[in-house]
Amino acid sequence: MADLNEETTPEINEVEETVEEKRKPIDPSIQGIQLFYEKNKQTINYVGGGLLLLVAAFCFFKLYYLPEQDKEVANEIFWAENYFEKDSFNIALKGGPMVISTEGQKSMKGFEQIADEYSMTKTGNLANYYAGICYMRTGKFQQAIEFLQKYSGNDEMISSIALGATGDCFLELNNVDEAIKFYLKAAENSKNNFTTPIYLKKSGFAYELKANYAEALVAYERILKEFSKTAEGLQIEKDIAKVKALGNL
């Protein structure tokens, strides 16, 4: 027993010394941030390590993963755009035909699949716009609205056309109020001589459908005043005369 006690005593003493080291009092001379760190060093170290991992993951995602995805999707969308330009909207939307790529022969992806698989890329976002137009051109207006409203690009022309096309879809669904709302959004989204007069005129036509000739007149007169040299502006006086007569304005 004496031998056993002699063997275990040093181990107990070592444990006690370790505990004492952990309980070592904080130097009373330190203050401020250093004092806060000494009191919370374990938590701070854990949080700091976690933040470093997040920063590293973000850098990998931003600097490596997304650029690689952008390269990949640029090759994928080429074929869908090619069919879109040929008015083959169902193929452009759904994909299917075999194409030759750098990886060999494979089945092409349509805009719908591209928008889903590459949603975090700019090209994947653009695929939402293309998919919406494809659905609109094939008469599936509710599906078209869903995809057009997913598009969130900064291109002034495409974003204006996406809003205007959404208005067209609502008009086809006999929702004239929503159509007007999106036509006006499209007109104001980017003021230019191409899209603005087009969607002002469409808003005026939609107002006419509601027999709201006063608001239609406002839209038409704005075209005459601000866009008189455009295709819409050159013919708008006939529409102005018409709504004035219909509304006794």
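Scanning region 179-215 for residues that are of a type in the set (Gly, Ala, Ser) and surrounded by fewer than 18 Cβ atoms within 10 Å (Cβ to Cβ) yields a total of 3. Total residues in region 83-119 satisfying the condition of being more than 18 Å from TYR135 (Cα to Cα) and aliphatic (A, V, I, L, M): the figure is 4. Return the residues of region 142-169 that are at pLDDT below 95 and among the acidic types (Asp, Glu); say none if nothing qualifies. Correct list: ASP155, GLU156. As for region 94-101, it holds at least one residue that is over 21 Å from the mean Cα position of the chain (by Cα), surrounded by 13 or more Cβ atoms within 10 Å (Cβ to Cβ) and among the β-branched types (Val, Ile, Thr). In summary, TYR130 fulfils each of the numbered conditions (1) among the aromatic types (Phe, Trp, Tyr); (2) farther than 14 Å from ILE77 by Cα; (3) part of a helix (DSSP H, G or I) with the single exception of condition (2).
A count restricted to region 137-157 and to residues that are surrounded by fewer than 17 Cβ atoms within 10 Å (Cβ to Cβ), free of Cβ contacts under 8 Å to residues at least 40 places away in the same chain and in a helix (DSSP H, G or I) stands at 4. In this structure, does ALA219 turn out to be crowded, with 18+ Cβ neighbours inside 10 Å and either of a type in the set (Phe, Trp, Tyr) or part of a helix (DSSP H, G or I) (or both)? Criteria met by ALA219. Would you confirm whether any residue within region 218-237 is in contact with a helix residue (DSSP H, G or I) (Cβ under 8 Å, 6 or more places away or on another chain), closer than 27 Å to GLY139 by Cα, aromatic (Phe, Trp, Tyr) and modelled with pLDDT of 95 or more? For region 218-237, residues in contact with a helix residue (DSSP H, G or I) (Cβ under 8 Å, 6 or more places away or on another chain), closer than 27 Å to GLY139 by Cα, aromatic (Phe, Trp, Tyr) and modelled with pLDDT of 95 or more: absent. Say whether the condition of being more than 22 Å from ILE158 (Cα to Cα) and crowded, with 22+ Cβ neighbours inside 10 Å is met by at least one residue in region 237-249. Within region 237-249, one or more residues are more than 22 Å from ILE158 (Cα to Cα) and crowded, with 22+ Cβ neighbours inside 10 Å.
Determine whether region 198-207 contains at least one residue that is part of a loop (DSSP other than H, G, I, E, B), at negative phi and under 32 Å from the mean Cα position of the chain (by Cα). No, because not a single residue in region 198-207 is part of a loop (DSSP other than H, G, I, E, B), at negative phi and under 32 Å from the mean Cα position of the chain (by Cα). Within region 226-236, the set of residues being assigned to a helix (DSSP H, G or I), surrounded by fewer than 16 Cβ atoms within 10 Å (Cβ to Cβ) and under 35 Å from the mean Cα position of the chain (by Cα) comprises GLU226, ALA231.
Here is a list: LYS244, LYS225, LYS185. Which entry is free of Cβ contacts under 8 Å to residues at least 12 places away in the same chain and either within 26 Å of ALA144 (Cβ to Cβ) or out of contact with any Gly (no Cβ under 6 Å at 6 or more places or on another chain) (or both)? Outline the logic, then answer.
Numbers: LYS244 fails: free of Cβ contacts under 8 Å to residues at least 12 places away in the same chain; LYS185 fails: free of Cβ contacts under 8 Å to residues at least 12 places away in the same chain.
Of the residues listed, the single one that is free of Cβ contacts under 8 Å to residues at least 12 places away in the same chain and either within 26 Å of ALA144 (Cβ to Cβ) or out of contact with any Gly (no Cβ under 6 Å at 6 or more places or on another chain) (or both) is LYS225.
The values are calculated or read from the model by the stated rules, or taken from the named source; none is laboratory data. What you see is a predicted model; the values in this text were computed from it and never measured. Note that each Cβ is placed from the backbone with ideal geometry, even for glycine, and that neighbours are counted across all protein chains shown.
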